[in-house]
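A quick write-up on the structure given underneath.
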Amino acid sequence: MRKKIIRLKETTSTNDYIRNCWEQADLLVVAADFQTAGRGQGSNSWESEPGKNLLFSMLVHPTMVPLGRQFLLSMTEALALKEALDSFAPGFRVKWPNDIYWEDFKVSGTLIETTLSAGHVKDCIFGTGIDVNQSVFHSDAPNPLSLCSIVGKEVKPDKVLKRVVEAFEKYYSLLSEGAYTDISALYHEALYRRHGFFPYRDKEGVFEAAIVEVEDSGQLVLRDRADRFRSYGFKEISFILPQRS
């Protein structure tokens, strides 16, 4: 796999930069010390002090992935992030769809953008932020936590990036070989709240449920206390998190 890594001091967002980059590679990675317009999901922004965290995007061309199974791309990157962070400390989980949690705290989030063509995914950009060394957060995000708070010391962001890229190459190779079942099984095993009943909120209100599965399309399937199965797309369901003291 031909890869190219570009490091920037500052940019609007690494997704914007990589989308307009002329560099050619099977895996193109752009990392920045600071983003002036970093985005999260929807209208959310991503809070990050300059030079403290890991802000990067990866561009691949997964033409082998059918449209109906494109959530496997999200699974692939989430597994790579978890494996990289697991090398620093135990206890990381994947919160559906692709956030990385440590216990009930969010350490990483990813915004995924795809370009489609002829029934397949032509291009896929993963725009990821990992809280590495930031100790104080000023936004209204409910539960941010940095890697340094978990391990008890500062970590070089480039070291984290190196491990993410290495892990991503491994899982992307599995995806390219068509090992969809293996990727899905690993993703399910890594899920936050994989076992047991927990509180959720949908448009009808609050209820308790257990995770049944995440379909290759990305739908989250839950089973409530009445043994009723409920299926949700992104933004149709909220995880109710424990109150922080």
Relative contact order of region 58-126, please, whole-number percent, based on alpha carbon pairs below 8 angstrom and at least 6 residues apart. 41 percent
Any lysines whose Cα falls less than 22 Å from that of Lys122, other than same-chain ones fewer than 8 residues away, would be Lys3, Lys4, Lys170
Shape of region 120-197, Cα gyration tensor, a/c cut at 1.5: prolate
Sequence gap at least 6, Cα distance under 8 Å: using those rules, report the relative contact order of region 1-158 to the nearest whole percent. 21 percent
Helix runs (DSSP H) in the chain reaching 20 Å along axis by Cα, Kyte-Doolittle at least 0.0: 71-86
Compute the FRET efficiency between Phe198 and Ser87 as 1/(1 + (r/R0)^6), taking r as their Cβ-Cβ distance and R0 = 35 Å, and round to the nearest 0.05. 0.80
How would you order 191-197, 69-75 from highest to lowest mean count of nearby Cβ atoms within 10 Å? 69-75, 191-197
For region 93-136, which trypsin sites (Lys or Arg not before Pro) pass both filters: DSSP loop (anything but H, G, I, E, B) and at most 11 other C-beta atoms within 10 Å? none
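Only the coordinates and a few stated rules stand behind these numbers; no lab work does. Model, not experiment: these values are computed from the prediction. Here the Cβ is made from the backbone with ideal geometry for all residues, glycine too, and neighbour counts use every protein chain on show.
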